[in-house]
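Okay, so here's the structure we're looking at.
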Amino acid sequence: MSELVPQPRTADDPAGAAPAETVPLLELAGVRAGYGAIEVLHGVDLALRPGSLLALLGPNGGGKSTTMRVCAGLHPVSGGELRFAGRKVNGISAQDAARLGVCSIPEGRGIFPNLTVRENLWAATGTGARLEDLEEKAYARFPVLGERRRQLAGSLSGGEQQMLALSRALGTDPAVLLLDELSMGLAPMIVTRMYETVTELVAGGLSVLVAEQFARAVLPIADTAALMLHGRVVAAGPPGEIEDRLSSDYLGG
């Protein structure tokens, strides 16, 4: 499934020649988007480099979830450019984004509550993966899922549901993983465990964009970070620099 390949810049590119690995897998350039007459994103610039974790931080209502929906092909842009591996893909559908290797875990986890754990994993076999392989990897990463394989997903704890959502997403072998509010509703110990898993995935080459209200949950493992306020990215750079820009209202518990 991982089909996103960075496109090397050419001599005609205004940015100049650059190695392919420096081209972002996912990029927003001056992106505007909204709902009806209400514009929510006002010229957003973001760049997710291959094999890195980008933390998108900010309070509720700042535009993070809309940004994630745009990246997943779930919401159209009204201005600017959405780019995958250097290619403009404005208007791409969620299905086509998924085929290119972009996988999203939305706020609220997005599992099938009336299916068992095993049936939820089976639902990810539409990409061609074998159920046996999905189960082997999921249960090795999260043994509790193996213990609950015949249990309805809706009866799992919040942390177990997030583990299942992540396992389903990884079953598609994505190139880019979008995580919207991974820590929402989870106990601190579970949040730590989830982000340890994300760190391992990034170390294995996966590129991850995390939208997170509680900065302390993700800043320690981020390669770069961006602060979004009122539909604009007001600061972007190394996590340490962005942390200095965060007020206690945005830093979270």
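Of note:
- Remark: pairs (first residue in the stretch 67-91, of a type in the set (S, T, N, Q); second residue surrounded by fewer than 19 Cβ atoms within 10 Å (Cβ to Cβ); Cβ separation under 7 Å; 6+ apart in sequence or on different chains) = SER78/ARG32; SER78/GLY34; ASN90/GLU81.
- Residue match in the stretch 64-71 (condition: at pLDDT 95 or above and of a type in the set (A, V, I, L, M)): yes
- Output for the stretch 213-248, where each listed residue is closer than 18 Å to LEU182 by Cβ, modelled with pLDDT under 95, part of a loop (DSSP other than H, G, I, E, B) and not hydrophobic (A, V, I, L, M, F, W, C): GLN213
- Verdict on GLY146 being at pLDDT 95 or above and on the phi > 0 side of the Ramachandran plot: no
- Boolean, GLY80 is surrounded by fewer than 18 Cβ atoms within 10 Å (Cβ to Cβ), of a type in the set (Gly, Ala, Ser) and on the phi > 0 side of the Ramachandran plot: no
- Selection status of LEU178, farther than 13 Å from MET194 by Cα, under 21 Å from the mean Cα position of the chain (by Cα), in the same structural domain as LEU4 (by TED's automatic domain parsing) and crowded, with 22+ Cβ neighbours inside 10 Å: yes
- Top-ranked residue of the stretch 128-153 - restricted to ones that are touching a strand residue (DSSP E or B) at 6+ places or on another chain (Cβ under 9 Å) and not in a helix (DSSP H, G or I), ranked as surrounded by the most Cβ atoms within 10 Å (Cβ to Cβ): ARG148
- Filter result for SER167 (over 30 Å from ILE38 (Cβ atoms) and surrounded by 20 or more Cβ atoms within 10 Å (Cβ to Cβ)): yes
- Cross-chain or 6+ apart pairs with Cβ under 6 Å, the stretch 190-204 first and closer than 15 Å to ARG216 by Cβ, then of a type in the set (Ser, Thr, Tyr): VAL191/SER183
- Filter result for VAL40 (within 25 Å of LEU182 (Cα to Cα), assigned to a loop (DSSP other than H, G, I, E, B), at pLDDT 95 or above and out of contact with any Pro (no Cβ under 7 Å at 6 or more places or on another chain)): no
- Residues within the stretch 90-121 that are part of a helix (DSSP H, G or I), surrounded by fewer than 17 Cβ atoms within 10 Å (Cβ to Cβ) and of a type outside the set (A, V, I, L, M), tallied: 4
- Of the residues in the stretch 133-154, at least one is touching a Pro at 6+ places or on another chain (Cβ under 7 Å) and in contact (Cβ under 8 Å) with a residue 40 or more places away in the chain.
The values are calculated or read from the model by the stated rules, or taken from the named source; none is laboratory data. These numbers were taken from a predicted model, which means no experiment stands behind them. Note that each Cβ is placed from the backbone with ideal geometry, even for glycine, and that neighbours are counted across all protein chains shown.
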